Amino acid sequence: MSKADETRAYIIEKTAAIFNKKGFEGTSLSDITTATGLTKGSIYGNFTNKDEVALEVFDYNLGKIENIIRTEMSKQKTAKDKLLVYVNVYDDFLKHPFPEGGCPILNTATECDDTHPALKKKASQAIQHWKEKIIQLIESGVTAKEFKNKVDAEAKALTIIAAIEGAIMITKLTGKLHYRNAIMNSVKQIIEQL
């Protein structure tokens with residue numbers, strides 16, 4: 001890894017939590033320089049602008065979650081148990097090294113849906129990828145006769161994603177962990193009834 005690549009990676013790592021908590025608009029250049037200990041010139045010597053940093057940070061934070069999911073799924077044998085990984089991971093942030101500030105998809109989607117087309121596109125692509133992964137798991141479960149043949153995999157995938165992201169949003173808003181637990185139990189029931 002070159003020195004420039006190392007510096008870019010350092011900036012991304014040090015600002016990931018800030019962007020995930022404060023959002024694109026709330027994160028200032030001063031926040032970036034304070035977190036990294038680098039000058040404005042050093043930041044802009046490695047990134048064209050704040051947008052480029054934010055896009056890279058989104059990928060970094062999303063990658064952390066995808067690595068957690070992938071690691072936990074690798075421990076499971078059945079499609080059902082692999083689907084339940086989503087419930088287990090999102091229901092217990094403390095057990096897994098989740099990005100500070102919560103789910104970057106939810107955070108980015110709520111902030112940037114009308115204000116930042118490039119970040120909106122990244123969040124949209126993340127949802128689409130997540131949906132496709134769940135559909136694949138459901139279809140493999142149908143093939144393995146774990147699930148019923150008459151399953152609308154896309155509808156179930158979207159429902160699971162909406163419930164998980166909704167649980168995170170409601171819990172963050174209210175501070176009531178039992179809301180997240182109740183919703184995650186509902187997601188578990190959806191999976192159990194496939």
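Taking only alpha carbon atoms, segment 58-192 gives an Rg to Rh ratio of 0.96, where Rh is the Kirkwood radius. Debye-formula intensities of segment 65-142, expressed as log10 I(q)/I(0) at q = 0.20, 0.22, 0.27 Å⁻¹, are -0.94, -1.05, -1.25 (one equal scatterer per alpha-carbon, no solvent). In this structure, the pairs whose alpha-carbon distance is over 19 Å, taken from K80/K156; K133/K172; K22/K120, are K133/K172. Here the extension length gained between D51 and Q193 equals 46.8 nm, from 0.36 nm per residue of separation less the Cα-Cα distance. Taking other C-beta atoms within 10 Å as the exposure proxy, F47, F147, F58 rank F47, F147, F58 from fewest upward. Each of R70, R180 was scored by other Cβ atoms within 10 Å of its Cβ. Arranged with the fewest first, they read R70, R180.
At 222 nm, what helix-only mean residue ellipticity would the chain give, in deg cm²/dmol to the nearest 500, using -39500 (n - 2.57) for each DSSP H run of four or more?
-26000 deg cm²/dmol
Peptides 170-176, 84-90 ranked from most to least packed give 84-90, 170-176, packing being the mean of other C-beta atoms within 10 angstrom over each peptide's residues. Each Lys and Arg contributes +1 and each Asp and Glu -1, all at the Cβ; summed about the Cα centre of the chain, the dipole is approximately 480 debye. Counted as membrane-span-like here are DSSP H helices of the chain whose alpha-carbon atoms extend 24 Å or more along the helix's own axis and whose Kyte-Doolittle mean is -0.5 or above; these are 50-73, 117-143, 153-174.
Throughout, read-outs are computed from the coordinates displayed, never taken from laboratory work. Fair warning: this is a prediction, and the values are worked out from it, not measured in the lab. Cβ sites come from the backbone with ideal geometry, for glycine too, and all protein chains shown count toward neighbours.
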